[in-house]
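Presented below is the structure to which this report refers.
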Amino acid sequence: MNSTNANYLNSICLILIGTWGYFDVLSPTALIPVGFGVALLLCSSGIKNENKVIAHIAVLLTLVILLSLVGMRLPKSIDQGGIGLIRVLLMIGTSALATLYFVKSFIANRKANK
């Protein structure tokens, strides 16, 4: 897997699970991950073409949604339990995975430029 594939996986996961969450609870805030997923999906071609600016934007968006899910949504989901907790954990997992591959990609690019 590379950063492009990890971004695709994260984007699709955020879009699908966010949409599922919206139809489950009918709360507009459940569409926030969907918006981030769409934005990350739009960044995919730039990441694939190794555009540094777009890659950094994608990392920033990924970190923002990851920190938001962990800091704001996870505690509420733990209290409520159920399928909502599983949805949040899946989105956290794919966002963390994408972040890991972005960092690995940046490190590899830095080593290649030396």
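No value in this document is a laboratory result; all are computed from the given coordinates. Note that this is a predicted model, so its numbers are computed, not measured. A quick note on method: Cβ atoms are made from the backbone with ideal geometry, for glycine too, and the neighbour counts reach across all protein chains shown.
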The one condition THR4 fails out of (1) of a type in the set (Ser, Thr, Tyr); (2) surrounded by 19 or more Cβ atoms within 10 Å (Cβ to Cβ); (3) touching a Gly at 6+ places or on another chain (Cβ under 9 Å) is (3)
Collect the residues in the stretch 39-56 that are over 24 Å from VAL88 (Cβ atoms) and either among the β-branched types (Val, Ile, Thr) or part of a helix (DSSP H, G or I) (or both), keeping them in residue-number order. SER45, GLY46, ILE47, LYS48, LYS52, VAL53, ILE54, ALA55, HIS56
Output the residues belonging to the stretch 94-114 that are small (Gly, Ala, Ser) and in contact (Cβ under 8 Å) with a residue 24 or more places away in the chain. SER95, ALA96, ALA98, SER105
Assess whether ILE78 counts as being among the β-branched types (Val, Ile, Thr), surrounded by fewer than 22 Cβ atoms within 10 Å (Cβ to Cβ) and either at positive phi or without any contact (Cβ under 8 Å) to a residue 12 or more places away in the chain (or both). yes
Applying the selection to the stretch 4-39, what residues are touching a residue at least 40 places away in the same chain (Cβ under 8 Å), in contact with a Leu (Cβ under 9 Å, 6 or more places away or on another chain) and under 20 Å from LEU100 (Cβ atoms)? ALA6, ASN7, LEU9, ASN10, CYS13, LEU14, ILE17, PRO33
When restricted to LYS48, LYS52, the only residue exposed (fewer than 15 other Cβ atoms within 10 Å of the Cβ), basic (Lys, Arg) and under 30 Å from ILE107 (Cβ atoms) is LYS52
Flag for ILE86 being under 19 Å from LEU16 (Cα atoms) and free of Cβ contacts under 8 Å to residues at least 40 places away in the same chain: yes
Please count how many residues of the stretch 22-38 are surrounded by fewer than 17 Cβ atoms within 10 Å (Cβ to Cβ) and part of a helix (DSSP H, G or I). 8
